[in-house]
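Reading through the structure tokens given below for one structure.
The values are calculated or read from the model by the stated rules, or taken from the named source; none is laboratory data. Remember, predicted model here, so these are calculated numbers, not experimental data. Quick reminder, even Gly has a Cβ in these numbers, built from the backbone with ideal geometry, and neighbours come from all protein chains shown. When the accessible area is computed, the model is the full protein with side chains, heavy atoms only, and any ligands, DNA or RNA have been set aside. Shrake-Rupley method; radii C 1.70, N 1.55, O 1.52, S 1.80 Å.
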Amino acid sequence: MDFDDSAEEVALRAEARAWLDEHATRLDPDSLDEMRTYRAHTEEEDEALVEEARRWQRTKAEAGWAAPTWPAELGGRGLSPLLAGVFANEEAAYDVAGRMFSVGTDMVGPTLIEWGTDEQRSWYLPRILRADDIWCQLFSEPGAGSDLAGLSTRAIEDGDEWIITGQKVWTSGAHYSDLGILLARTDPDVPKHRGITAIAVPMRSPGVDVRPLRQIDGAIHFNEVFLDEVRVPVANTIGPVGHGWGVAMTMLTNERASIGGGGMYSFDQLAQLARAMGRDTDPVIRQRLADMYTRDEILRYLGYRVRTAAAAGRAPGPESSVMKLAVSSRYETGGDLMLEIEGAAGTLVHDDAPYGGRFQDLFMSQWAPRIGGGTDQVQRNIIGERVLGLPGDIRADKGVPFRDLPRS
Ligand SMILES: Cc1cc2nc3c(=O)[nH]c(=O)nc-3n(C[C@H](O)[C@H](O)[C@H](O)COP(=O)(O)OP(=O)(O)OC[C@H]3O[C@@H](n4cnc5c(N)ncnc54)[C@H](O)[C@@H]3O)c2cc1C
């Protein structure tokens with residue numbers, strides 16, 4: 001492939017930069033004080049961050065940048081994922097809360113475009129675009145994460161309503177979301193991948209109980225969601241009843257295709273930290289930084305490959321698992337390295353630590369990309385089976401009705 005920007009990319013980059021310069025403040029790439037981690041530790045910080053992200057998304061919506069891959073008639077720009085990645089990379093250089101509502105714009109929106117009814121599209125899409133509705137993803141359960149199809153939250157049809165009972169967990173942003181896209185078991189008499197239905201659940205319905213979970217670094221991010229006989233109109237069903245697995249695959253494929261925005265920190269910022277802490281002449285630290293730089297270059301080329309495939313209309317294949325694994329291993333290496341650079345000061349936290357403890361926060365947040373969106377081990381299974389051609393996992397539950405599966 002051609003690694004230089006095409007004429008189209010050059011023009012889009014210039015347009016994006018001009019618009020961003022007019023509407024936002026560019027971060028100083030050499031300043032460690034200007035790094036943004038988008039982590040809230042108190043409810044007030046969390047609310048302020050959500051409001052800031054909402055304002056920014058509305059600004060973007062007015063110029064068609066809120067969901068650039070959506071068709072122009074739906075408020076997007078009809079851009080390929082490759083070109084949308086150009087905007088996301090430019091946006092990451094500015095002081096904006098840019099990617100907080102990507103569940104709505106990058107995952108639910110494309111899923112509704114593919115599976116929704118005309119009424120659902122015309123009601124929900126403009127509201128997603130302007131962040132009038134914030135969405136969360138109600139997929140994982142205490143007993144169904146890697147084995148998502150084993151989910152047991154059930155929805156029973158009662159006239160023109162679903163009655164939903166069950167528990168979801170690790171739901172990012174559920175505490176500030178208006179709607180959740182939920183997977184429920186609607187037919188336990190068929191094998192587990194069938195008999196699942198996707199339903200849009202208003203998060204403030206009676207019977208929905210959202211309980212925030214505190215993370216190891218004290219940040220507020222995800223939640224447990226309990227559903228106790230929650231009544232939702234059958235009209236909120238997304239896609240055909242019993243085809244929720246197909247809807248979920250569309251959503252997860254779009255999640256992977258949205259890879260390419262700015263990362264949590266750059267190589268330059270790590271090198272900068274080494275200089276600031278006086279560790280840049282230490283040969284071991286220099287070696288580790290070189291390793292980090294190499295990983296970033298590999299990631300850059302993998303990113304081109306994934307986005308080129310998407311631009312050519314090919315669904316992200318196993319290369320997105322290679323990409324996902326490379327991303328998480330990058331954060332593992334970088335997380336360990338930043339505290340090693342800080343030396344003894346690395347054991348401090350919050351305001352006692354250098355730079356207000358942001359590197360300690362980043363160190364601890366390395367586990368998010370290593371688990372969310374499919375764990376490292378699950379990515380390795382996919383690569384083993386679909387890239388290396390190794391024998392598949394033994395799947396004893398294949399063809400067995402969900403009702404007859406042993407469950408804890
Ligand atoms: C930051 C973050 C945000 C998230 N946001 C959301 C969200 O918004 N909505 C949502 O629905 N979910 C969300 N999740 C949940 C996430 O999708 C799950 O945590 C993930 O899929 C793993 O499931 P689990 O936690 O149940 O672990 P399990 O599936 O129980 O896995 C436990 C361990 O066993 C290993 N394992 C499991 N199966 C296999 C296998 N076949 N072969 C080898 N090893 C295996 C795993 O790799 C892991 O190490 C989020 C998670 C994180 C970390």
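A few notes on this one:
- Segment 153-180 residues that are on the phi > 0 side of the Ramachandran plot, paired with ones that are more than 16 Å from the ligand (Cβ to nearest atom) and open to solvent by 50 Å² or more (accessible area, probe 1.4 Å) (beta carbon under 7 Å, 6 or more apart): Gly166/Arg154
- Subset of segment 64-88 [touching a helix residue (DSSP H, G or I) at 6+ places or on another chain (Cβ under 6 Å), among the aliphatic types (A, V, I, L, M) and either without any contact (Cβ under 8 Å) to a residue 60 or more places away in the chain or closer than 13 Å to Ser102 by Cα (or both)]: Ala66, Ala67, Leu74
- Test result for Asp404, within 16 Å of the ligand (Cβ to nearest atom) and either out of contact with any Phe, Trp or Tyr (no Cβ under 7 Å at 6 or more places or on another chain) or under 23 Å from Asp291 (Cβ atoms) (or both): no
- Taking the numbered list (1) touching a residue at least 24 places away in the same chain (Cβ under 8 Å); (2) in contact with a Leu (Cβ under 6 Å, 6 or more places away or on another chain) in turn, Gly384 passes all entries but (1).
- Looking only at segment 143-152, residues that are open to solvent by 10 Å² or more (accessible area, probe 1.4 Å), in contact (Cβ under 8 Å) with a residue 24 or more places away in the chain and within 12 Å of the ligand (Cβ to nearest atom) come to 5 in all.
- Restricting segment 86-110 to residues that are of a type in the set (Gly, Ala, Ser) and open to solvent by 10 Å² or more (accessible area, probe 1.4 Å), the residue that is farthest from the ligand (Cβ to nearest atom) is Ala93.
- Enumerated helices (runs of 4 or more DSSP H) restricted to segment 296-389, each holding at least 3 residues that are farther than 20 Å from His221 by Cβ and within 16 Å of the ligand (Cβ to nearest atom): 319-342, 376-382
- Any hit, segment 127-134, residues being at pLDDT 95 or above, open to solvent by 50 Å² or more (accessible area, probe 1.4 Å) and in contact with a helix residue (DSSP H, G or I) (Cβ under 6 Å, 6 or more places away or on another chain): yes
- Pairs are defined by a Cβ separation below 6 Å, a sequence spacing of at least 6 or placement on different chains, a first member in segment 270-289 that is in the same structural domain as Pro354 (by TED's automatic domain parsing) and assigned to a helix (DSSP H, G or I), and a second member that is open to solvent by 40 Å² or more (accessible area, probe 1.4 Å) and at pLDDT 95 or above; the pairs so defined are Ala274/Asp280; Ile285/Arg279.
- Subset tally (residues that are of a type in the set (A, V, I, L, M), more than 23 Å from the chain's Cα centre (by Cα) and surrounded by fewer than 17 Cβ atoms within 10 Å (Cβ to Cβ)) for segment 199-235: 2
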